[in-house]
Amino acid sequence: MVEVTVRDGEPLEKALRRFKKKWERAGILRDVKKRAFYEKPSDTKRISRKKALRRMARIRRISQY
C-alpha cells in the first residue's frame, strides 16, 4: 500500500504530487488495468511470446551497429 505523510507546513498539492509519483512507481494502475478483465492463460502466453520476439528483434537491430 502506498502512503504519504503530510509534513508540517507542506501544501496539500505537493503531498499529492509525491503520492502520485509513488503510486506510478509501484505500478498500481498497471496492475488494475491488467486485472480489469479475465485473460485466458493461453492468451497470456501468446502475448508474452510476442513481446519476447519483439524484444529479441530490437536487441538484434541495436547490436548490429
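A few points about this structure:
- Residues located in the stretch 26-48, provided they are over 27 Å from M1 (Cα atoms) and hydroxyl-bearing (S, T, Y): S42, S48
- Matching option when the condition is surrounded by 10 or more Cβ atoms within 10 Å (Cβ to Cβ) and in contact with an Asp or Glu (Cβ under 9 Å, 6 or more places away or on another chain), among K34, K14, K22, K45: K22
Read-outs: derived from the displayed coordinates by stated rules, not from any lab. The structure presented is a predicted model; accordingly, all values stated were derived computationally and were not measured. Reconstructed Cβ throughout: ideal geometry from the backbone, glycine too, with neighbour counts over all protein chains shown.
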